[in-house]
Amino acid sequence: PIGHHRFDFRPKGEFLEVEIDVDLEIKVTFITVFKFTHVASETWENGRLVRMNSETDDDGDIYNLAVQQTNEGMLVRVNGEEHWAPTDILPSNLWNRAILKEDKILHPILGRVLPLTVTNLGVRMVEVLGNATVEAEGFKIDGGIEFQRELWYGPDGRLVEVGFNALQDGSRITYRLN
């Protein structure tokens, strides 16, 4: 294993709070050649994003993102710069299958609105929890060069596998429910 990607869900009445923690580190002969950390907090109300904050270190490139729902739309701040996004935008947070029905997403690190294409990859068996397998439905989400992922959801709708090629060198990265 090269790290973890954790989601913590806390329902509070009409609200859902989601904490996301990603910590990846790739070493070659004990030397770190790539490091990625991402910590995010999302607040949802009745299925709509109302607030999101994240801090990301992408191998030395630092991003601080703040997203806030307002009467005028979604205010997005990245490293001090502001712009507006559509009120109904969903972040590409992967756990939320609702993104599969969208034609645009909000990049959760860069804060950019990306066009989205979704392709159904069919069904296959995915190993989870170290030794069990589940039948999973797969989708490729394509937000352009900046964001492409293959997502596999189990029968209960839970995200069980994510795969993508690293932008830096094309290395294949796959992580599974553990």
Requested in this report: Averaging sequence separations of C-alpha pairs under 8 Å and six or more residues apart, then dividing by the length of the chain, give the relative contact order as a whole percent.
Outcome: 10 percent
Query raised in the report: Considering only protein heavy atoms and a 1.4 Å probe, what is the carbon-and-sulfur percentage of the accessible area of the chain?
Result: 50 percent
**Report entry** Taking the stretch 42-104 and dividing mean pair separation by its residue count, relative contact order in percent (alpha carbons under 8 Å, at least six apart)
**Finding:** 20 percent
Query raised in the report: Using the heavy atoms of the protein chains alone and a 1.4 angstrom probe, what is the accessible area of the chain per residue in square angstrom?
Result: 56 Å²
**Report entry** Highest to lowest packing among 107-116, 120-129, scored as the average C-beta count within 10 Å
**Finding:** 107-116, 120-129
**Report entry** Distance between modelled label sites at residue 29 and residue 178, nm, 7 Å Cα→Cβ extension
**Finding:** 2.6 nm
Query raised in the report: Given C-alpha coordinates of the stretch 97-178, what is the ratio Rg to Rh with the Kirkwood estimate of Rh?
Result: 0.98
Query raised in the report: Which of the lysines could a cross-linker span from residue 101 if the Cα-Cα distance has to be under 19 Å and same-chain partners fewer than 8 positions apart are dropped?
Result: 140
Requested in this report: Could you name the lysines whose alpha carbon sits less than 18 Å from that of residue 35, not counting residues in the same chain fewer than 8 places away?
Outcome: 27
**Report entry** Relative contact order, percent, the stretch 92-178 [alpha-carbon distance under 8 Å, six or more residues apart]
**Finding:** 21 percent
Query - Cα-based radius of gyration of the stretch 15-64 once divided by 2.2 N^0.38 Å, which approximates compact folds - result: 1.49
Report summary line: Calc'd 3J(HN,Hα), the stretch 151-158, phi into Karplus 6.51 cos²θ - 1.76 cosθ + 1.60 (θ = phi - 60°), Hz, glycine/Pro = x, comes to 10, 10, 10, x, x, 8, x, 7
Query raised in the report: Could you give me the ³J(HN,Hα) list for the stretch 86-98, computed from phi with Karplus coefficients 6.51, -1.76, 1.60 and θ = phi - 60°, whole Hz, x at Gly and Pro?
Result: x, 4, 8, 5, 10, x, 7, 8, 6, 5, 8, 4, 4
Requested in this report: Give me the Debye-computed log₁₀ of I(q)/I(0) at q = 0.10 Å⁻¹ for the chain, equal point scatterers on Cα only, no solvent, two decimals.
Outcome: -0.40
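The values are calculated or read from the model by the stated rules, or taken from the named source; none is laboratory data. A quick note: this is a predicted structure, and the numbers were derived from the prediction, not measured. Counting neighbours? That spans all protein chains shown, and the Cβs are built from the backbone with ideal geometry, glycine included. Only protein heavy atoms, including side chains, enter the accessible area calculation; ligands, DNA and RNA are left aside. Shrake-Rupley method; radii C 1.70, N 1.55, O 1.52, S 1.80 Å.
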